[in-house]
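S.K.: I have a structure here, written as structure tokens, and I will follow up with some questions on it.
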Amino acid sequence: MQHYAVVDIETTGGMPRRDKITEVGIVITDGNNIINRYETLINPERSIPPNITRITGITNAMVSEAPKFYEVAKDIVEITDGCIFVAHNVKFDYQFLVNEFKSLGFTYTRRKLCTVVLSRRAFPEVKSHSLGNLIKHFGIKVKDRHRALDDAYAASEVLKFAMSRFDTKKGVKQFISQTIKETTLPKNLNLEDIDTLPNACGVYYFRDTDHNIVYIGKSIDIQKRAKQHFSKEGRKGNRLFREVAYIDYTLTGSELHSLLLESQEIKAHLPSINVAQKTHSYPYTIIHKRSDDGYIRLELFKKGELAPPDQNEYGHFGSRQSAKSRINLLASSYNLCKKLCGLESNKNSACFEYGLDKCSGACIQQESADSYNERVELALSHMDNFWLQDAIIVEYTHNIHEKVIFSIKEGIYIGYSIYPPDREPADVEFIINNPDNRSSYSPEQQAILQNYILSHPEVQVIELEEF
């Protein structure tokens, strides 16, 4: 028989990464009968704000001699083992516990069921699904509202009332299973909104209740990626959970097309939850210098810093991390030493990858400078010269019914066009003259193209003498 651990916690505030738990209450039930109860105050190792004490009645004096979380962690794991984790607004309680366990180096995972979602589905006639209102509506008797065990008991009664609406075990099981799936979704979305999304490649747009775009993403499986977004904990996941009410999408069929379109759309709409690719400043670049031992070393350079004389700049990046990511990709693609690329700081020994037989030993002069430098120059040539050529990149879509042609003119990505598989991409001027397919210059898009070709050697690149 399935058991449910109905949980309520009291805390020092509303932010799981900042605040701490002060009380835990757990009611174990089979949906009809209470099997076990557990409650404990917890010393949060910090003061409880006065406004929180006014709500919960829990004072600093009450928790001063209480056990710390690590002292009761094993009890919580054991009493909830094998149970579905249930709470009223389950995301709040569950995330606090997950963070507490994470601080102990333990991953706490349970299937989750939210009694707010459960109540909305089971009792659509009720105007408010707050726990306080449901207590009044069903006449649930509790002594200490806003204390953990009493609120957990009240939520267990909501669970019991909801399950009593079904006459068969099969009906209850289907109802609970459906509600568990909906528990991870924002309140303004339902399963049908997610299930009708395609399992296909494209760009998706999350919108709020006013239809403003709040987030843009891309995936080779839009439906699967959307579900992942809403199941994740953390600041970004919480904002998506609160704000998303509608989902739109554009199918591309081509992964590269999705990457480029996502970048272009983020620039155009500047969604509030997107962080990457919103910058209009690209202060970082990559430079190289030949050290006294003859080996070429790569370094990051930020505009405004004093650069070595006579240095070429390779690439333009919005952040130090994105520039380091490019160097890391070059190192992997051309078998460069990550120590000589500035990605490792150990001065007097071989790089880490030498011990894994992934570096040829330039870091300890086991590989000659001439041999190593030849690969460095080839890597830098790729960054510096490849995009100076006129070229097209051909990628077949996932359904193989068409291909996408991406055009490079004088080193700049200018746009794309979609062709049937049996048509040769001769009319590239179509892209230049079609404003819907044009793309304005963006360092991100240049980086996307270069990274994609480096990591997808199967992609067809055709150099052209002229357009």
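The numbers here are math on the coordinates, done by the rules we state, and not lab data. All values reported here derive from a predicted model rather than from experimental measurement. Neighbour counts run over all protein chains shown; Cβ positions are idealised from the backbone, glycine included.
S.K.: Among all lysine pairs in region 114-180 that are eight or more places apart or on different chains, how many have alpha carbons less than 15 angstrom apart?
M.R.: So the count works out to 4.
S.K.: As a check on your grasp of the helix formula, calculate [θ] at 222 nm for the chain: sum -39500 (n - 2.57) over DSSP H runs of n ≥ 4, divide by the residue count, round to the nearest 500.
M.R.: -11000 deg cm²/dmol
S.K.: With θ set to phi - 60°, apply the Karplus curve 6.51 cos²θ - 1.76 cosθ + 1.60 along region 188-203 and write out the HN-Hα couplings as whole Hz, x wherever there is a Gly or Pro.
M.R.: Rounded to whole hertz, the list is 8, 10, 10, 4, 5, 4, 7, 5, 8, 5, x, 8, 9, 7, x, 10.
S.K.: Something else: Just the Kirkwood number for the chain, please: inverse of mean 1/r across all distinct Cα pairs, in Å, one decimal.
M.R.: Result for the chain, one decimal place: 26.6 Å.
S.K.: Further, regarding this structure: Only loop residues by DSSP count here, and only those with at most 11 other Cβ atoms within 10 Å; note down the GluC sites (Glu not before Pro) in region 1-75 that meet that.
M.R.: Values: sites: E10, E23, E39, E45, E65, E71; in loops: E45, E65.
When the GluC sites (Glu not before Pro) of region 1-75 are filtered for loop state and at most 11 Cβ neighbours within 10 Å, E45, E65 remain.
S.K.: Can you tell me the Rg and Dmax of region 4-183, counting just the alpha carbons, in angstroms?
M.R.: Reported Rg and Dmax, both Å: 16.0, 49.
S.K.: Quick one: if you stick a label point 7 Å off each Cα along the C-beta vector at K358 and R111, how many nm between them?
M.R.: Using points 7 Å along Cα→Cβ, the separation is 3.8 nm.
S.K.: Continuing with this model, one more query. Over the Cα atoms of region 284-386, what radius of gyration and what Dmax do you get, in Å?
M.R.: So, for region 284-386, Rg and Dmax equal 13.1, 38 Å respectively.
S.K.: Going by C-beta contacts inside 10 Å, put Y416, Y452 in order with the fewest on the left.
M.R.: Y452, Y416
S.K.: Return the distance in nm (one decimal) between the two label points of a simple spin-label model at T168 and N89, each offset 7 Å from Cα along Cα→Cβ.
M.R.: Modelled inter-label distance: 3.7 nm.
S.K.: Compute the normalised compactness of region 92-170: alpha-carbon radius of gyration over 2.2 N^0.38 Å, N being the residue count. Working shown, then result.
M.R.: On the way: Rg = 14.9 Å, N = 79, 2.2 N^0.38 = 11.6 Å.
The reported ratio for this selection is 1.28.
S.K.: A further question follows. Counting only C-alpha contacts under 8 Å and six or more residues apart, can you give the relative contact order of region 191-269 as a whole percent?
M.R.: Relative contact order for region 191-269 comes out at 39 percent.
S.K.: Cα convex hull of region 158-235: how many Å³ per residue?
M.R.: Convex hull volume per residue, Cα atoms: 130 Å³.
S.K.: At 20 °C and 1.002 mPa s, what whole-number value in µm²/s does Stokes-Einstein give for the translational diffusion of region 191-269, with Rh from the Kirkwood sum over Cα pairs? Write down the numbers at each step before the final one.
M.R.: Values: Rh = 12.6 Å.
Rounded, D is 169 µm²/s.
S.K.: Right, another one. How big is the dipole moment of region 191-269 about its Cα centre under a simple scheme where the beta carbon of each Lys and Arg is +1, that of each Asp and Glu is -1, and everything else is neutral? Debye, nearest 20, please.
M.R.: Taking the Cα centre of region 191-269 as origin, the dipole is about 360 debye.
S.K.: Is the shape of region 153-288 rounded, prolate or oblate, going by the alpha carbon gyration tensor and its root eigenvalues a ≥ b ≥ c, with a/c under 1.5 for rounded and a/b larger than b/c for prolate?
M.R.: prolate
S.K.: Give the aspartates and glutamates reachable from K289 as a straight Cα distance under 17 Å; neighbours fewer than 8 places away on the same chain don't count.
M.R.: Hits, sequence-local ones excluded: E299, E305, D310, E313, E344, D370, E374, E377, D384.
S.K.: Ok, one more. What percent does the relative contact order of the chain come to when contacts are Cα pairs within less than 8 Å and at least six residues apart?
M.R.: In percent, rounded to a whole number, it is 9.
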